[in-house]
Amino acid sequence: MGSNEETKDPVAYRSKVRIERVKGPIRRAFVPAHDGPVMLGVHSEVAEHYGVDNNVVDPYTTTLDYIVTAAAG
């Protein structure tokens with residue numbers, strides 16, 4: 001298959017990702033073009049906001065951090 005014109009599909013790209021819940025706010029994301037999982041969670045002010053103790057739960061980059069990075073890119 002080639003272009004969208006050939007398939008008549010109006011969608012240009014469908015992201016193929018898989019998310020696994022690890023524990024509490026921690027998630028493991030499997031995304032295209034990345035070897036291994038991307039770990040997601042909470043840290044600093046976000047952890048505090050949600051009442052997560054980063055001394056008990058390891059801090060990870062939040063999904064919000066990735067969204068802001070992508071938008072700013």
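General remarks:
- Against the chain, whose longest principal axis comes from its Cα atoms, helix 63-72 is set at around 50 degrees.
- The ellipsoid equivalent to the alpha-carbon distribution of segment 4-72 has semi-axes of 31, 14, 10 angstrom, derived from the gyration tensor eigenvalues as √(5λ) and listed largest first.
- Relative to the Cα centre, the charge distribution of the chain, modelled as +1 at Lys and Arg Cβ and -1 at Asp and Glu Cβ, gives a dipole magnitude of about 300 debye.
- The spacing between segment 59-73 and segment 25-45, judged by their C-alpha centroids, is 11 Å.
- Range in the chain, longest, excluding exposed chymotrypsin sites (Phe, Trp or Tyr not before Pro) [loop by DSSP; at most 16 other beta-carbon atoms within 10 Å]: 14-49
- Label-to-label distance, nm, for residues given as Lys16 and Ala72 (7 Å Cα→Cβ offset): 3.2 nm
- Gain on full stretching of the segment that runs from Phe30 to Asn54 - 0.36 nm per residue minus C-alpha separation: 6.3 nm
- FRET efficiency for the pair Met39 and Asp9, taken as 1/(1 + (r/R0)^6) with r the Cβ-Cβ distance and R0 = 30 Å, rounds to 0.40.
- Across the chain, the relative contact order, built from alpha-carbon pairs under 8 Å that are at least six residues apart, equals 18 percent.
- Rounded to the nearest 500, the helix-only mean residue ellipticity at 222 nm of the chain stands at -6500 deg cm²/dmol, with each DSSP H run of n ≥ 4 adding -39,500 (n - 2.57).
Each reported figure results from applying straightforward, stated rules to the coordinates on display, with no laboratory input. Everything numeric here is computed off the predicted structure, so don't read it as measured data. Don't worry about glycine lacking a Cβ; one is built from the backbone with ideal geometry, like all the others, and counts go over all protein chains shown.
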